[in-house]
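One structure is given here, and the rest of the page talks about it.
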Amino acid sequence: MSGEMKRSGLSKGAPAPRFSDLESLREHLGDCARCSLGSTRGRLVFGVGDPHAGLMFIGEAPGRNEDLQGEPFVGTAGRLLDELLASIGLARSQVYIANVLKCRPPGNRDPLPEEVELCTPYLAEQVRLVDPKVIAALGNHATRHILGTDRGITALRGRLFQVDGRRVVPIFHPAAALYDQSKRAVLFDDFKRLRSVLEMPEENEPAHAGQMPLL
Ligand code: URA
C-alpha cells in the first residue's frame, strides 16, 4: 500500500549466512558473480571503517570512483560525507560505511530488485557483525529498503525510526546536495540531529517500534 511502512528489507528474503567476522564474510563473497553485476563491475565494494562502530552509514551502490578504488563514498559525494562527519567531530575511521549493493550498476542506473534481493543477506550480516546502535540511511533507495516503505526521503528525513532494535535516521544522499545547494544546509542540520541521536540515552528510546519525529 502506498506510503505504508512494511518489514525492513534487511530482514526479508533469504536468511543471512552467519560469519564470525567481517573478514570471513568478505572472503566468502570472493570474486562475487551471484548476479550479473559481477561481470560489469570493476571492484567489489565491501565496506570500510570501524568494524564495531556505533554508527553505520548505508548508501545505494558504488559509483565510478568507488568501482575503481574498491571503497564506498570516495568520489565527490564521499568528500562531502567526510565534511559532514567532521562537522560532528567524527572521522571516516570511526564509523562503518557500506551500500545496499556491493557492485556498481552499469552507468549508475538504479539497482534492480533482483540485485538488491541477492545482495541484502550480506548487508544484513554486515549490520549484525558491526552491530551499530544507529544506522544512517543515505538517500531514497537505502531509506526505502531499510524501512520497508515506499515513502520518499523528503518526507522521512528529520525523523527517527526503530528497526530490529536499532535507531535508523534517514538523511538526504550527499550526492543530492551536489546538484541542489539548498539541500546542503539541510544535510548539515541532519548531521547535528544524528549526533544527538548517537548521544540519546537508551531510556529515551520510544517504547514501541515505529517512528518518532526529531524536528
Ligand atoms: N553513492 C552511493 O550510494 N554509494 C557510494 O559508495 C558512492 C556514491
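Quick note: the coordinates plus some simple rules give every number you see, no bench work behind them. None of the values given here were measured: they were computed from a predicted structure. FYI the Cβ positions are ideal-geometry reconstructions off the backbone, even for glycines, and counts take in every protein chain you see.
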Go through the range 25-33 residue by residue and turn each phi into a ³J(HN,Hα) via Karplus (6.51, -1.76, 1.60, θ = phi - 60°); whole Hz please, and just put x for glycine and proline.
5, 4, 4, 4, 5, x, 9, 3, 9
Assign one of three labels to the range 104-211, namely rounded, prolate or oblate, based on the Cα gyration tensor with a ≥ b ≥ c the square roots of its eigenvalues; rounded applies when a/c is under 1.5, prolate when it is not and a/b is larger than b/c, and oblate otherwise.
oblate
Projecting each Cα onto the charge dipole of the chain (Lys/Arg +1, Asp/Glu -1 at the beta carbon, about the Cα centre), which of P132, I153, P201 comes out farthest on the positive side?
I153
Fully extended, how many nm does the chain gain between R195 and S24 (0.36 nm per residue separation, minus their Cα-Cα distance)?
58.5 nm
How many nm is it between the label spots at T40 and A155, if each spot is 7 Å from the Cα in line with the beta carbon?
3.0 nm
Which trypsin sites (Lys or Arg not before Pro) does the range 58-166 hold that lie in a coil by DSSP with at most 11 other beta carbons within 10 Å?
R109
Tell me which residues come under 5 Å, amide H to amide H, from F57 once H is placed; ignore anything under 5 positions away on its chain.
Y96, I97, A98, A136
At what distance in angstrom do the alpha carbon centres of the range 130-177 and the range 7-28 lie from each other?
19 Å
GluC sites (Glu not before Pro) in the range 1-102 lying in a DSSP loop, each with at most 15 other Cβ atoms within 10 Å of its Cβ, come to E4
Relative contact order for the chain: what percent, with Cα pairs under 8 Å and sequence separation of 6 or more?
25 percent
Karplus 3J(HN,Hα) series, Hz, for the range 178-186 with 6.51 cos²θ - 1.76 cosθ + 1.60 (x for Gly, Pro):
6, 9, 9, 4, 5, 6, 4, 5, 4
Rounded if a/c is under 1.5, else prolate if a/b beats b/c, else oblate: with a ≥ b ≥ c from the C-alpha gyration tensor eigenvalues square-rooted, which is the chain?
rounded
Points 7 angstrom from Cα along the Cβ direction at L68 and E114: gap in nanometres?
3.1 nm
Spelling it out for L160: with amide H atoms placed in the peptide plane at 1.01 Å from N, the residues 5 or more places away or on another chain with amide H under 5 Å from its amide H are M212, L214
Ordered by number, the GluC sites (Glu not before Pro) in the range 115-181 that occupy a DSSP loop and have at most 13 other Cβ atoms within 10 Å are none
Charge dipole magnitude, Cβ of K and R +1, D and E -1 - the range 1-114, Cα centre, debye nearest 20
300 debye
The range 9-200: antiparallel DSSP beta bridges as a percent of all, rounded to 5:
30 percent
Could you give the dipole magnitude of the range 103-165 about its Cα centre, charging the beta-carbon of Lys and Arg +1 and that of Asp and Glu -1, in debye to the nearest 20?
360 debye
